[in-house]
Every structure is written in C-alpha cells, then in structure tokens.
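Participant: Would you mind keeping the following structure in view while I ask a few things?
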Amino acid sequence: MFNKTLLIGAGLMAMVSAAHATDSVDLNVKGTLVNGSCTPTLSGNGVVDFGHTPLGNLSKTDTNQLGGRSSLVLTITCDSAMPLGWTMVDNRNDSVQVLTIKNGKWDGSDVTGAEYEFGLGKTAGGVKIGAYSVYVDKANVLADGVNAKMMYTDGDPTDKTKWVVSGAGEVKSNSSRVYSVEAESSSDGTVLPAKVTTWPIKVAAAIQGTDTLAISDDTNLDGSATISLVYI
C-alpha cells in the first residue's frame, strides 16, 4: 500500500508539473510593403547571336568552341532605392551537354561543370547540341553609377551572414542562387539598396562534334533562360 501511494503521488506531481509547462509557441509573420517596384531589362532585347557557322568549318569529333559574346548588359531599374537580388533559371536544362567551354570567364579561363552550363536545345534527332555559360563582369557591376561588389547566396537572402562575395562572376543555371550587390566599403553581407544596378554579362558557347550531332539541315541554337527579381 505504501509503495502504491508513493506511485500515485508521483503521478499527480508529474501531472501538476506538466500543467504549468509552456505548451504553445507563437508564429510571427514580418515583411515590409514598399512604395515602388523594379524592372529588369537586357540589352539587345536579350538576344545573344552567334551568327551562322558552316558545318564544314566544325570538327567532326572534337568539341567546337563558338567563342564568347560580351555585349549583353542586365539593367535593373527601381522606382526608388531598395535592396533586391535576381536569379536565373535555364529553360532548356534538359538539353545541356556538359562540355568544356573555352574562355568562358571574364579572366579568360575555361568553364566546366553542369551547374554553370545552360542548354542550347536539341537537334531534330533529339541530340543535345551543346552548352553555354553566363558570367558577370564583377569588376564593373554598378549600383547607381558606383562600383559595387557582386555577391550571392544559396540560403535565405534576408540573412546577411549567408551572402558570399563572388569569386569569378559565375551564374548557376538554376534559380536556387540569388545575386545582389554590397557597397565596396562593406564586408558584412549587407545588401546595398539601389535605384539602378547594371551587370555586364559574357555568354560563351560550345557544341558537340558534327559526327555526334548528325545534322544535314540548318539547325538553330535554342538557348533560353529566365531572370527573376527577388525583393529582399
């Protein structure tokens, strides 16, 4: 009986203790409604044209380099200065043929790796044509006419500890990475509010050997990617 009474008493004590424990948690939703919006534009109507390339000038077995085009500029214009970033996603991701793209970066080095290559479409026979890369001239990114540091995050863009200064101006081919700028004098990942930011872009491309492509008719390169803004 004594032991049983102790057990019941212990149970009652546990129940009373539990009744006083915190058994709820608050959800807080935050944000700011801003009086303004931003618009991205690309020079040349967003078209990078590699022109006509005769099949007879291409290697049958080796990767063919189409070179780079550095005339493209992304301009983001806002009604008022605000912190924001952008992402890019490859609309032809299923057509990427991973190749070494020569001189794809602004420093003249090569591009390798699927995460930094975008698809160029497929031939009529369903063969992947090749790939292109997108790199920002990070030394000449401007925020309201002043040089700014290009940075990126693969995490929460509102968390400044997640931002990293870009090493080579590389742009990933999926929308998981956000790009933005911080002041040249800053080093803590604080996104710089700006009214106008400009991003010089280099696009370089490479295609497979003609034996692999197995084409006899004119074939268009069909790369397509979408840039979207991220308000921070």
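Participant: From the list 36, 44, 51, exactly one residue is surrounded by fewer than 18 Cβ atoms within 10 Å (Cβ to Cβ), touching an Asp or Glu at 6+ places or on another chain (Cβ under 6 Å), on the phi > 0 side of the Ramachandran plot and not in a strand (DSSP E or B). Which is it? First the steps, then the outcome.
Facilitator: Numbers: 44 fails: touching an Asp or Glu at 6+ places or on another chain (Cβ under 6 Å); 51 fails: touching an Asp or Glu at 6+ places or on another chain (Cβ under 6 Å).
Result: 36 is the single residue among 36, 44, 51 that is surrounded by fewer than 18 Cβ atoms within 10 Å (Cβ to Cβ), touching an Asp or Glu at 6+ places or on another chain (Cβ under 6 Å), on the phi > 0 side of the Ramachandran plot and not in a strand (DSSP E or B).
Participant: Which of the following residues is under 17 Å from the mean Cα position of the chain (by Cα), among the hydrophobic types (A, V, I, L, M, F, W, C) and surrounded by 15 or more Cβ atoms within 10 Å (Cβ to Cβ): 99, 66, 74? Break it down into steps so the answer makes sense when it comes.
Facilitator: Numbers: 99 fails: under 17 Å from the mean Cα position of the chain (by Cα); 66 fails: under 17 Å from the mean Cα position of the chain (by Cα).
It is 74.
Participant: Same structure, new question: Taking into account only those residues within the range 176-219 that are of a type in the set (Ser, Thr, Tyr) and part of a loop (DSSP other than H, G, I, E, B), which is farthest from residue 109 (Cα to Cα)?
Facilitator: So in the range 176-219, the residues of a type in the set (Ser, Thr, Tyr) come out as 176, 179-180, 185-187, 190, 197-198, 210, 212, 216, 219.
Going one step further and asking which of them are part of a loop (DSSP other than H, G, I, E, B), we end up with 176, 185-187, 190, 216, 219.
Working: 176: 24, 185: 28, 186: 28, 187: 26, 190: 30, 216: 33, 219: 28 Å.
The residue in question is 216.
Participant: In addition: Looking at the range 211-219, is at least one residue touching a Pro at 6+ places or on another chain (Cβ under 6 Å) and in contact (Cβ under 8 Å) with a residue 24 or more places away in the chain? Quick ask: steps written out before the conclusion?
Facilitator: Of the range 211-219, the ones touching a Pro at 6+ places or on another chain (Cβ under 6 Å) are none.
No, because not a single residue in the range 211-219 is touching a Pro at 6+ places or on another chain (Cβ under 6 Å) and in contact (Cβ under 8 Å) with a residue 24 or more places away in the chain.
Participant: Answer yes if at least one residue in the range 146-158 is more than 20 Å from residue 109 (Cα to Cα), among the basic types (Lys, Arg) and surrounded by 14 or more Cβ atoms within 10 Å (Cβ to Cβ), and no otherwise.
Facilitator: Yes, the range 146-158 contains at least one residue that is more than 20 Å from residue 109 (Cα to Cα), among the basic types (Lys, Arg) and surrounded by 14 or more Cβ atoms within 10 Å (Cβ to Cβ).
Participant: Can you name the residue in the range 58-76 that is of a type in the set (S, T, N, Q) and within 22 Å of residue 166 (Cβ to Cβ) and is also modelled with the lowest pLDDT among such residues? If you could, list the steps in order and put the result at the bottom.
Facilitator: Residues of the range 58-76 that are of a type in the set (S, T, N, Q), as a first pass: 59, 61, 63-65, 70-71, 75.
If we keep only those that are within 22 Å of residue 166 (Cβ to Cβ) as well, we get 70-71, 75.
Numbers: 70: 85, 71: 82, 75: 96.
Among them, the one singled out is 71.
Each row is one residue, and each column tells you yes or no for (1) of a type in the set (Asp, Glu); (2) under 30 Å from residue 97 (Cα atoms); (3) modelled with pLDDT under 95.
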| position | (1), (2), (3) |
| --- | --- |
| 166 | no, yes, no |
| 184 | yes, no, no |
| 201 | no, yes, no |
| 217 | yes, yes, yes |
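Participant: Is it true that some residue in the range 145-157 is in contact (Cβ under 8 Å) with a residue 60 or more places away in the chain, in contact with a Leu (Cβ under 9 Å, 6 or more places away or on another chain), in a strand (DSSP E or B) and at negative phi?
Facilitator: Checked against the condition, which is being in contact (Cβ under 8 Å) with a residue 60 or more places away in the chain, in contact with a Leu (Cβ under 9 Å, 6 or more places away or on another chain), in a strand (DSSP E or B) and at negative phi, the range 145-157 yields no hits at all.
Participant: Right, here's the next one. Surrounded by 13 or more Cβ atoms within 10 Å (Cβ to Cβ), in contact (Cβ under 8 Å) with a residue 12 or more places away in the chain and in a loop (DSSP other than H, G, I, E, B): which single residue out of 109, 133, 173 fits that description?
Facilitator: Exactly one residue qualifies, and that residue is 173.
The values are calculated or read from the model by the stated rules, or taken from the named source; none is laboratory data. None of the values given here were measured: they were computed from a predicted structure. Glycine also receives a Cβ, built like all others from the backbone with ideal geometry; neighbour counts cover every protein chain displayed.
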